[in-house]
Amino acid sequence: MDERNVLVNRVALVTGGSRGIGRAVAQALAGAGAAVAVNYRNRQDEAAATVAEIERAGGAAIAVRADVAVRAEVEAMTERVESELGPVDVLVNNAGIATIRGVDDITEEDFDQTLAVNLKSAFLCTQAVLPGMRKRGWGRIVNVSSIAARGAGGIGVHYNASKAGLEGLTRGYAARLAADGITVNAIEPGLIDTEMAVPLKESGVADRLPVGRIGTPDEIGQAVLMMIGNGFLTGQTVAVNGGGSFL
Ligand code: NAP
């Protein structure tokens, strides 16, 4: 199969697609032929830059603002994407926050906000695109989790809980949607070189990894594309972590 064309005539929505991992995922999907909606919350300039890069490479994309933790904004975003690009065939729930908190300083607000942005958002976005995917009998959903779903990680227990929940959501939907032609998988990145990783990079984690370096956003983009290309792969979590599983 020619990977450059697997998503021709498909529409993809990448939450938090404006920068970091989401940007690389948006570029990978556009490179495979999808028209891509690049969601962002605050940084309009970064979203516009991602769209411009995709267009320069010959792809199609739009930027669409929404706080994906808020149902009304998710619904408005989905309507706009559908009217400008068409119904969403591929959803990548990537938007996330990582507010570093110790066991004793974490507040109820930190917990609620992290669960809303990292977990509830995936539920809201999935609900919004599901009727269309079902109608067409085809859909691909990828949820961007983290190694923190299973390990301690460097962010905090709120982040651990949000990502572990996201993996439960993945398996729950996968089991219930397989018969509709919709696959749902999670990807579990190790430390990836983005703005989110800056506070953790100093900890010397690269030296402890078997590959001797942290990952690049493009390596996650490639892995997402691989998952989307395989209709027999569903309900799985794939770790992309530089050999971190062997530690
Ligand atoms: P990042 O560089 O901080 O980018 C975060 C993205 O999410 C931005 O596009 C941001 O939009 C968007 N976003 C945040 N809150 C949002 C909201 N409420 N509504 C809509 N968009 C929102 O992060 P990243 O490193 O690329 O991380 C992407 C995903 O990978 C996250 O889910 C993260 O937990 C996960 N992850 C990252 C790593 C890592 O080492 N980097 C490792 C494991 C998992 P604005 O620019 O507009 O704010």
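The values are calculated or read from the model by the stated rules, or taken from the named source; none is laboratory data. These numbers come from a predicted model, not from an experiment. Note that each Cβ is placed from the backbone with ideal geometry, even for glycine, and that neighbours are counted across all protein chains shown. The area values use the complete protein model at the heavy-atom level, side chains included, leaving out ligands, DNA and RNA. Shrake-Rupley method; radii C 1.70, N 1.55, O 1.52, S 1.80 Å.
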Inset, instruction - Express the carbon and sulfur contribution to the solvent-accessible surface of segment 48-177 as a percent, rounded to the nearest whole number, probe 1.4 angstrom. - result: 53 percent
Legend entry - Label-point separation in nm, ALA175 to ALA49, each point 7 Å along Cα→Cβ: 4.3 nm
Legend entry - aspartates and glutamates with Cα under 12 Å of LYS135, excluding same-chain neighbours fewer than 8 positions away: ASP89, ASP180
Inset, instruction - Could you do me a favour and compute the accessible area per residue for the chain, 1.4 Å probe, result in Å²? - result: 46 Å²
Inset, instruction - Enumerate the lysines that LYS163 could reach by cross-link, defined here as Cα to Cα under 21 Å, with residues fewer than 8 away along the same chain left out. - result: LYS120, LYS201
Inset, instruction - Give me the distance in nm between label points sitting 7 Å out from Cα along the Cα-to-Cβ direction at GLU84 and ASP105, one decimal. - result: 3.8 nm
Legend entry - Estimated [θ] at 222 nm from DSSP helical runs (n ≥ 4, -39500 (n - 2.57)) normalised by residues in the chain, nearest 500: -13000 deg cm²/dmol
Legend entry - Segment ASP218-SER203, length gained on full extension (0.36 nm per residue, minus Cα span): 3.1 nm
Inset, instruction - Using only C-alpha positions, report the orientation-averaged shadow area of the convex hull of segment 108-247, nm², one decimal. - result: 8.8 nm²
Inset, instruction - Post the alpha-carbon centroid distance, segment 30-74 to segment 109-188, in whole angstrom. - result: 20 Å
Inset, instruction - Compare ILE214, ILE21, ILE147 in a GNM of the chain, Cα atoms joined below 10 Å, and give the one with the largest fluctuation. - result: ILE214
Inset, instruction - Have a look at THR194, THR15, THR126 and tell me which one the Gaussian network model of the chain (Cα, springs below 10 Å) gives the largest fluctuation. - result: THR194
